[in-house]
Amino acid sequence: MSAEAGKLTLLCDVKTDGSFLVHHFLSFYLKANCKVCFVALIQSFSHYNIVGQKLGVNLTMARERGQLVFLEGLKSSVDVFFQAQKEPHPLQFLREANAGNLQPLYEFVREALKPVNNGEAAWRCPVLLVDDLSVLLSLGMGVVAVLDFIHYCRVAVCWELKGNMVVLVHDSDDAEDEENDILLNGLSHQSHLILRAEGLATGFCRDVHGQLRILWRRPSQPTAQRDRSLTYQYKIQDKSVSFFAKGMSPAVL
Amino acid sequence: MLDLLAVGGLVLLRDSVEWEGRSLLKALIKKSALCGEQVHILSCEVSEEEFREGFDSDVNNRLVYYDLFRDPLNWSKTGEAFPGGPLGALRAICKRTDSGPVTIALDSLSWLLLHLPCTMLCQTLHALSRQDVCPGDSSPVRQVRVLGLLHEELHGPGPMAALSSLAQTEVTLSCTMGQASAHIHCQRPRQRPTHQTQLFSILPDFSLDLQEGPPPESQPHLDPHTPPVDPMAHLTFNLRLSNKEREAKDSLTLPFQFSSEKNSRLYCTLGQVRLPVTSSMSQMLMMTWTKKTQMTT
């Protein structure tokens, strides 16, 4: 997959775990020598580092050399309550009684990906990675506030800095979570590429872990004939993911 | 579909994740601009560069752009934000003084609906789309057309119905026979609502290519917002009848239907006395008693 600039890629999963896509994009952009800001709200740094090492990247070294800016949500959320903050903390909304907006988090992202000219190695296009946005709704943020945060990140990262964004949102499917549905659909309309990992309708399978639906949106030029959607099935292995056409798993052929 | 540009008022372009509507919006904008109209664009979701991409200079020169994309909520505090935010931008469009036919494009109404109260937005849209009425003014009536892009998955039935009530035309984008199609529902004053489906494609220069579509539907949709539901779908039993079954059903005589044959069977014989059919048991008993009395006397 080529890294086009100024694009928003939406990852979503329904009835399965789509985090393998997050790990893929994290290692992909680090290997591509991009400056990455990773807002990790779900897992610890060590978790992503362990998986990253299987995919050939060392997050510790990337962070030390300034290529990776890592916001560890699990750890930072404790700092919000137990450490005095001179400036608004990126997760400041956790302290506020009324869920406001995510401007502090946006300021953090903007500062992290701001180009610096102090003799450091020049990185390629900046990338913002968020895992995941649905948890912000669970933490009390309104859906419009989350959409506004992504809007401003798109302005800063995609439009101003010509970088890319990759965000993960879970699809609540049967749970009828209205706010999550609005978030998912709202981001879908803003996205250039949607990767949707779905569990198999027939249930769990040892050799086919799910299917991935790829939907291209917002082509720069409208075309009459264009492949808009593709669907593959996949199997997650220890250090890679294998894709194949539906029904063409090597295990069943 | 080009008739959309012939009338004023609010035109809702309802799109979905599967079938985006911005390309059609840009195609209609291009058409209006090439007709010599001034086109005002309130853009909330994409940058000005991205929106103007694909338009040639003839079109771009006629676009008046209101940028709500860069800093809609004034987070940057650089003074670049539109004064008054989204509502200020809408009011600025209302106050424009250009004459002649005008097209106002809102990209998107969904963004505005998420950030403004629905009632306020509807009032502003009503004011925008009704600016062709100039009471007390002897100048020719200006035609104002408002094109609003609406992502229908983002809103509940209440706001959608409110916007539909304001719109003269609703265009719902979907797919028909593998081709992009527009289901157009027109509701003009003092006219019957019309409904048509038009296949189309948008060329790389945002020209609109209309194609031969499916035959006009014989019955207009009563509610264009909800797709027709087949009640026969997903049933575990068969509701339909074969011809043979239908004939047997039609020829069946129901027990509560009286026929001459049944009437004759209902007559009972009491000592060679035939009693007529009565509508109530009491009448029957009275007649029996009367007969018995007559026989004993």
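A few notes on this one:
- Spin-label pair A:Leu74/B:Leu203, simplified geometry with 7 Å Cα→Cβ offset, distance in nm: 5.7
- Rounded if a/c under 1.5, otherwise prolate or oblate - segment B:77-118, Cα gyration tensor axes: oblate
- Distance between modelled label sites at A:Ser229 and B:Lys77, nm, 7 Å Cα→Cβ extension: 4.6
- Packing rank of B:238-246, B:21-29, A:72-80, B:179-187, where each peptide gets the mean count of other beta carbons within 10 Å, highest leading: B:21-29, B:179-187, A:72-80, B:238-246
- Per-residue shielding of B:67-76, expressed as the average number of other chain Cβ atoms within 10 Å of the residue Cβ, stands at 4.
- With both residues required to sit in segment A:8-203, DSSP beta bridges show an antiparallel share near 0%.
- Max mean-square fluctuation residue, GNM over chain A, Cα-Cα springs under 10 Å, options A:Ala40, A:Ala62, A:Ala201: A:Ala201
- Helical content alone sets the calculated 222 nm signal of chain A at -9000 deg cm²/dmol, taking -39,500 (n - 2.57) per DSSP H segment of four or more residues and averaging over every residue.
- Of A:Lys15/A:Lys235; A:Lys7/B:Lys26; A:Lys35/A:Lys75; A:Lys31/A:Lys162; A:Lys7/B:Lys31; A:Lys75/A:Lys114, those spanning more than 27 Å from alpha-carbon to alpha-carbon: A:Lys7/B:Lys31
- The calculated FRET efficiency for the pair B:Leu87 and A:Asn117, based on their C-beta separation and a Förster distance of 35 Å, comes to about 0.30.
- Column: log10 I(q)/I(0), Debye, Cα scatterers of segment A:1-116, q = 0.21, 0.22, 0.23 Å⁻¹: -1.34, -1.40, -1.45
- The simple spin-label model puts a point 7 Å past each Cα toward its Cβ; for B:Cys118 and B:Leu210 those points are separated by 3.3 nm.
- Nearest-0.05 FRET efficiency for A:Ser242 and B:Asn238, computed from C-beta distance (R0 56 Å): 0.80
- Computed on segment A:8-203, the Cα convex hull volume stands at 131 Å³ per residue.
Only the coordinates and a few stated rules stand behind these numbers; no lab work does. Just so it is clear, the model here is predicted, and its values are computed rather than measured. When we count neighbours, we look across all protein chains shown, and the Cβ atoms used for this are built from the backbone with ideal geometry, even at glycine.
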